[in-house]
Structures are given as C-alpha cells and as structure tokens.
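Sharing a structure with you now.
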Amino acid sequence: MFGLVAGGVAIVAGLGLMGAMRRANKRADEAGKDYAFADPDLNVERFPVALGAVPMAVGTLAIALNCFYAQDVGEAVVLRNLGGSLAGHTVESGFHLKAPWQDALGWDIRNRQVNFYSDAEYRYDGGSYEGAQVTINDASGTKANIDLQVIYSIDADSVESLYEEYGTQEAFVVNYVSNDIRATAREVAGKYDTITLLTDRSKFTDAIAQALAEQWEGRGVIVEQVQVQDIRYAKSITNAYADAQSAEVAKQKALNAQETAKVEAETKKIEAQGEADANRVLTESLTPEVLQQQYNDALKT
C-alpha cells in the first residue's frame, strides 16, 4: 500500500511540476522576456518541461512494483483490499500478481514450537512461542508443574478465516494456540492419578496430543508432536513415592525368596518321593525266586 501511495504522490507531483513549468514559460513568452526565471543570471531561458516526467516515471515504477509480491516456501499469503475486505490467498512459492491497492499479508505455515518450561519469559518469534511452566492438578488434587513442548503447523487453506478472526498470526498463537495448550494439559492431567503421571508419562503425553487434535480439528491447526519433558511434584510427594517404591521392592524380594524356597522344597520332595518309589519297586521285585536265581548265579561265578 505504501508503494501505491508514494507512486501516486510522485505522479501527481510530476504532473504539477510540468504544469507549473509550462505556465512559467508561457508567461515569459507573453511578456517578451528571454528568461522564465526572475533572475536572468541563472542563465535558464526556459524551464525544461520534460523534467516533470522523471517523478512521474518513478511513481509509475513504484506502482508497477506494487503489483507483484514474492512468496517464500512454507508461507501462505492473504490478500487484503484497500477497504479491509479479503481477496483470497495463495500458497505457492514464487512471484505473484496483485492489484496495487491490495496488501499481501504472510502467514508462516511451517512447523513451529510452543514451549512451556521452568520460569521462561513469555516470548513470540515468527510463529513460535515460549512461556512459563504449566501448573496442573492430578485426579487426587495434587499439584505439579510440567515442562511441555507442542510442535504444530497451520493449514494453508485456513489462513483467511484465521485472519478474519485474529488479524495477525502473533495474536492467533498468543491468544488461542498457547492458551489452548495450557488448558488442555490441565484438563487431561485431572484424569490421571499421581502414580500414573510419575510412572507412565507417555500415556499422559498421548492423551494431550489426542485432546489437542480433537480440539483443533476444523480450526486450521495441525498437531505435529507433543512432548511432556518433565513433571515436578513437591519433594514430599516424590519422597513418599520413593519410599513406596522401596517398600514394594522389598516386598517383591521377600515374595521371590518365598517362591524360591517353595520351589526348592518341592524339588526335594519330588526327589525323595522318586527315591522311595525306586526302593519300593526294587523291594517288590526281590521275590524268593529272584533271590534263589541270584544265589545260583553267584555260585556259578
């Protein structure tokens, strides 16, 4: 829009300059003067009227250049008319034509990150956003702080509706995307107990990703990846969990020892039973006839 205004001003200025030069030259001719300037020492007999074509040419060039815009890879452009109405959008990279009174407003549709961690300062940078850690309450009401990263992208065909609703990509990310991530993480955390969040972080992560995908369906935002990087409970909670884990390990160790002793006893019992059965079979097989035959065999030997 600036190019259009500047070009128009330059053309009008050029036309005005040419008109002023013509009028000055005409007055000089009518008065029979040799010079159009009041001071003949300037040694200019007549104004060069063609000089006014220079600003006109510059203005025309500025307007012509304002009819083109370059679009980068990974960018969608919304075209806005002079009155504020929209005239469509483009998604292909390269040079494009537009009316000189239209503005080309770029939206980044590459993968961008939203990070919440520790005591980070709030900061927006070209579609990416950083903020402080998210505070959650699990199903038992226990509070924790989490570090969370969400990688998202914007659907190129949704940029017009997003512009109509939010105006700029920064307003959209700051006021909608980041707030939605925080709210969804808190809501999902309320469905899991403390032990699950401490021991099965991937389950919590997948639940957030699924909830965001459902929340953003049809809104022009695509969930690329979600990562819960850390979950920090109060030290008393983690200590209690560590003690419980130690007790569980000791319990399991005792149960394993009992099971081992039981197996060893059963093995000895089976071995003893096998030996008894063998002796019984041997005893039963030593009949008087067998003993007499063994005696006769021994005599022969």
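Only one of these is farther than 24 Å from L162 by Cα and either assigned to a strand (DSSP E or B) or modelled with pLDDT under 95 (or both): I151, I146. Name it.
So the residue among I151, I146 that is farther than 24 Å from L162 by Cα and either assigned to a strand (DSSP E or B) or modelled with pLDDT under 95 (or both) is I146.
Before we move on, is I222 closer than 25 Å to A120 by Cα, in contact with a Phe, Trp or Tyr (Cβ under 8 Å, 6 or more places away or on another chain), open to solvent by 60 Å² or more (accessible area, probe 1.4 Å) and of a type in the set (V, I, T)?
Here the answer is yes, as I222 does meet what is asked.
Still on this structure: Which one of these is at pLDDT below 90, of a type in the set (S, T, Y), assigned to a loop (DSSP other than H, G, I, E, B) and touching a helix residue (DSSP H, G or I) at 6+ places or on another chain (Cβ under 9 Å): S118, S140?
From the options S118, S140, the qualifying one is S140.
Same structure, new question: Quick check on my filter: what residues within the stretch 200-211 are free of Cβ contacts under 8 Å to residues at least 24 places away in the same chain and either open to solvent by 80 Å² or more (accessible area, probe 1.4 Å) or among the small types (G, A, S) (or both)?
S202, K203, D206, A207, A209, Q210
Could I ask something else about it? What about Y124, is it open to solvent by 50 Å² or more (accessible area, probe 1.4 Å), in a strand (DSSP E or B) and of a type in the set (F, W, Y)?
Answer is yes for this residue.
Go through R110, R123 for me and flag whichever is of a type in the set (K, R) and more than 22 Å from T184 (Cβ to Cβ).
Residue meeting the stated conditions: R110.
What are the pairs with Cβ atoms under 6 angstrom where one residue, in the stretch 139-165, is over 18 Å from D108 (Cβ atoms) and the other, located anywhere, is open to solvent by 20 Å² or more (accessible area, probe 1.4 Å) and assigned to a helix (DSSP H, G or I)? Sequence gap at least six, or different chains.
S140/T194; T142/T194
Could you tell me which numbered condition T287 fails, if it satisfies all but one of (1) loosely packed, with under 10 Cβ neighbours inside 10 Å; (2) within 30 Å of V134 (Cα to Cα); (3) at pLDDT below 70?
Checking T287 against (1) loosely packed, with under 10 Cβ neighbours inside 10 Å; (2) within 30 Å of V134 (Cα to Cα); (3) at pLDDT below 70, the one that fails is (2).
Look through the stretch 79-96, keep the residues that are assigned to a strand (DSSP E or B) and of a type in the set (A, V, I, L, M, F, W, C), and return whichever of them is surrounded by the fewest Cβ atoms within 10 Å (Cβ to Cβ).
F95
Which one of the conditions (1) at pLDDT 70 or above; (2) surrounded by 10 or more Cβ atoms within 10 Å (Cβ to Cβ) does K235 fail to meet, given that it meets all the rest?
Among (1) at pLDDT 70 or above; (2) surrounded by 10 or more Cβ atoms within 10 Å (Cβ to Cβ), the lone unmet condition for K235 is (2).
Next up: Among the numbered conditions (1) in a helix (DSSP H, G or I); (2) surrounded by 19 or more Cβ atoms within 10 Å (Cβ to Cβ), tell me where E214 comes up short.
Among (1) in a helix (DSSP H, G or I); (2) surrounded by 19 or more Cβ atoms within 10 Å (Cβ to Cβ), E214 violates only (2).
The values are calculated or read from the model by the stated rules, or taken from the named source; none is laboratory data. As the structure is a prediction and not an experimental result, all values here were calculated from the model. Every residue, glycine among them, receives a Cβ derived from its backbone with ideal geometry; neighbour counts consider all protein chains shown. For accessibility, only protein heavy atoms count, side chains too; no ligands or nucleic acids. Shrake-Rupley method; radii C 1.70, N 1.55, O 1.52, S 1.80 Å.
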